[in-house]
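Just below is one structure, and these are the notes that go with it.
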Amino acid sequence: MMSRYGLAFWMIAIVLCSRAQAGERWSRGVAVVDYYARYTWKPPDKTGRRVVQACFDAVRALGLEPDWVDPDIFLPSRASESRRYKRIVIPPHAEWFSQIIHEGMNDYVSSGGLLITNVSCVLVDANDNYMVDAKDRITDYPQHSFLGVRGHGGASIKRMKVLYACPLTKGVPVNEWLELSPPPSGRKTSTTGATVVITSDYVAHEQQGKQPFLTFKHSGNGACVYLVPPISARPGKPYLRLVENLFSSAVLEWLCLQE
């Protein structure tokens, strides 16, 4: 039988261990998903690898110290690991994820994380084999859960207009059309529940119109922010300011409750 002193020792140890684990929660600033650490395209997607690296380099250029994490960071078995990061970035070309990973993204946001995405998460790895193959398909789960945006096809974005002032748009003029040069590209998008803070003019083949450029959606204690053009794009100073805002403490405090 354990003595009361031994019992007290183990109770103290459990409390200290719990505090240590709690201290790790939200202790890291940002991670970028290293998509090709798990996913395989045939033929190899060399362009995609360069774009993912460019996203990581752009985040690092802001003076941050991003970590690489593989897509499985969103699996239920790694929930405690994902909760170490205040922000997780899904880079361009990270197009295919399994349903369980999409659900993990939703759980990460609900728990208080800030998910920053450069893709619309419209494609699902239906057979969970980390490869792009004939069984994969389109999914509407993200647009009706954490993302709140439908994005499909491609578009060239000519100019943008901030709809209202908030931490995401700090330092950028409101209600003024701003030309983007060179025009960045991204998905053709429409909102399905997210709040649009910046709209844009787009050209897609022979179509022209307006579409969301920057959105956010609250879920639980956290939020998902969707910036349609790549974080690494360089279409002018206003855009660079938007990217800086994305990773600011003001945006994190405004959108997320991280306890």
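Could you tell me which of the residues TRP26, TRP68 is of a type in the set (Phe, Trp, Tyr) and out of contact with any Gly (no Cβ under 9 Å at 6 or more places or on another chain)? I'd like the intermediate steps shown before the answer.
Details: TRP26 fails: out of contact with any Gly (no Cβ under 9 Å at 6 or more places or on another chain).
Selected residue: TRP68, the only one of TRP26, TRP68 that is of a type in the set (Phe, Trp, Tyr) and out of contact with any Gly (no Cβ under 9 Å at 6 or more places or on another chain).
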In the stretch 29-67, residue surrounded by the fewest Cβ atoms within 10 Å (Cβ to Cβ) [restricted to those that are without any contact (Cβ under 8 Å) to a residue 12 or more places away in the chain and among the basic types (Lys, Arg)]: LYS46
Out of LYS135, LYS188, sole residue that is part of a strand (DSSP E or B), without any contact (Cβ under 8 Å) to a residue 40 or more places away in the chain and more than 21 Å from VAL251 (Cβ to Cβ): LYS188
Odd one out for ASN221 among (1) under 16 Å from the mean Cα position of the chain (by Cα); (2) surrounded by 16 or more Cβ atoms within 10 Å (Cβ to Cβ); (3) closer than 24 Å to PRO66 by Cβ: (2)
The one condition in (1) under 26 Å from TRP26 (Cβ atoms); (2) open to solvent by less than 10 Å² (accessible area, probe 1.4 Å) that VAL162 fails to fulfil: (1)
For GLY209: the one exception among (1) touching a strand residue (DSSP E or B) at 6+ places or on another chain (Cβ under 9 Å); (2) farther than 14 Å from ILE116 by Cα; (3) open to solvent by 40 Å² or more (accessible area, probe 1.4 Å): (3)
Near pairs, Cβ below 6 angstrom, 6+ apart or cross-chain, from the stretch 94-116 (without any contact (Cβ under 8 Å) to a residue 40 or more places away in the chain) to any residue that is open to solvent by 10 Å² or more (accessible area, probe 1.4 Å) and assigned to a strand (DSSP E or B): GLU95/LEU123
Qualifying residue in the stretch 70-82 (condition: in contact (Cβ under 8 Å) with a residue 24 or more places away in the chain and part of a strand (DSSP E or B)): no
Residue in the stretch 73-89 that is small (Gly, Ala, Ser), within 16 Å of TYR226 (Cβ to Cβ) and under 13 Å from the mean Cα position of the chain (by Cα) present: no
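Out of all the residues in the stretch 232-254, is one or more part of a strand (DSSP E or B), closer than 29 Å to GLY63 by Cα and open to solvent by less than 20 Å² (accessible area, probe 1.4 Å)?
no
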Any hit, the stretch 169-188, residues being under 30 Å from ASP107 (Cβ atoms) and touching a Pro at 6+ places or on another chain (Cβ under 7 Å): yes
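Could you count how many residues in the stretch 95-121 are at pLDDT below 95 and either in contact with a Pro (Cβ under 8 Å, 6 or more places away or on another chain) or assigned to a loop (DSSP other than H, G, I, E, B) (or both)?
To start, the set of residues in the stretch 95-121 that are at pLDDT below 95 comprises 95-96.
From what is left, the residues that are either in contact with a Pro (Cβ under 8 Å, 6 or more places away or on another chain) or assigned to a loop (DSSP other than H, G, I, E, B) (or both) are 95.
Residues meeting the conditions: 1.
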Residue within the stretch 151-161 that is more than 18 Å from HIS93 (Cα to Cα), at pLDDT 95 or above and in a helix (DSSP H, G or I) present: no
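The values are calculated or read from the model by the stated rules, or taken from the named source; none is laboratory data. Quick caveat: nothing in here was measured; it's all calculated off a predicted structure. Please note: Cβ atoms are built from the backbone with ideal geometry, for glycine as well, and neighbour counts cover all protein chains shown. To get the accessible areas, we keep the full protein, side chains included, count just its heavy atoms, and leave off ligands, DNA and RNA. Shrake-Rupley method; radii C 1.70, N 1.55, O 1.52, S 1.80 Å.
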